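Have a look at the structure below before the remarks.
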Amino acid sequence: MILCGSPHPFFDRKTSIVSKYISELDDCEKLFIPMHDDCPGHWYLCVIDFKHFDIQILDSLRSKSRDEFRFKSVKIVVEFCQTFFKLYDIGKDVFQFSIDWAPSISTQDNGWDCGVHVIRHMQRFKNGDSMMSSDFCNFVKILREIACDLVLHEGNREKQTIVAIVCTKTSTRAMKKLLL
């Protein structure tokens, strides 16, 4: 981001909150970018794979009427990333990467689970695993896993408060069911 010819302070490599993450981008193998399409209110995922020199779009609810818009949106975000990488001397060049739809990914069977699919794709795809429809057989279990991951994450400053509330309001049997 450039304002009046000089870098915006938010992106200053030495002083901003972004500075602690910029150095990690130098060694990053994959960059996950959740994308949002306002028209139907749908989330999908752009994955820039620096190791394999490609960009994949993971969309659990593809639509012939929205594919062109989503593809163009990914291209715009990739162009922004390239500008950012050059501006902050990150040593990544994504202009030569091919962009394509990820093959054989799970599809959602309703109009509201796209965010869960994006989260699950990031969790699985980071290790190179693709996700199949069978991964969504027990959707309630997936929702519980994601909720537990978010609540119990080391960076969650409210973790102890949430766990205390859940423990005081939940029976031991219900707690075991929640965690299993």
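Read the figures in this text as sums done on the coordinates, not as results from a lab. These figures come from a predicted structure and were not determined experimentally. With ideal geometry, Cβ positions are generated from the backbone for all residues, glycine too; neighbour counts draw on all protein chains shown.
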Name the chymotrypsin sites (Phe, Trp or Tyr not before Pro) in the range 30-91 that are in a loop by DSSP and that have at most 14 other C-beta atoms within 10 Å, would you? Phe53
Note, the range 97-109: 3J(HN,Hα) by Karplus (6.51, -1.76, 1.60, θ = phi - 60°), whole Hz, Gly/Pro = x, goes 6, 7, 10, 8, 6, 5, x, 6, 9, 5, 10, 8, 9
Return the subset of Lys64/Lys92; Lys64/Lys141; Lys51/Lys72; Lys30/Lys141; Lys51/Lys141; Lys51/Lys86 for which the Cα-Cα distance in this structure is over 21 Å, preserving the input order. Lys64/Lys92; Lys64/Lys141; Lys51/Lys72; Lys30/Lys141; Lys51/Lys141
Filter the trypsin sites (Lys or Arg not before Pro) in the range 56-122 down to the DSSP loop ones having no more than 11 other Cβ atoms within 10 Å, then list what survives. Lys64
Can you list the HN-Hα couplings for the range 44-60, worked out from phi with the Karplus curve (6.51, -1.76, 1.60; θ = phi - 60°), rounded to whole Hz and with x for Gly and Pro? 9, 10, 10, 10, 9, 9, 6, 6, 9, 6, 8, 10, 10, 10, 10, 10, 7
In Hz, Karplus ³J(HN,Hα) per residue of the range 157-165 (6.51, -1.76, 1.60; θ = phi - 60°; x = Gly, Pro): 6, 9, 3, 5, 5, 5, 4, 4, 5
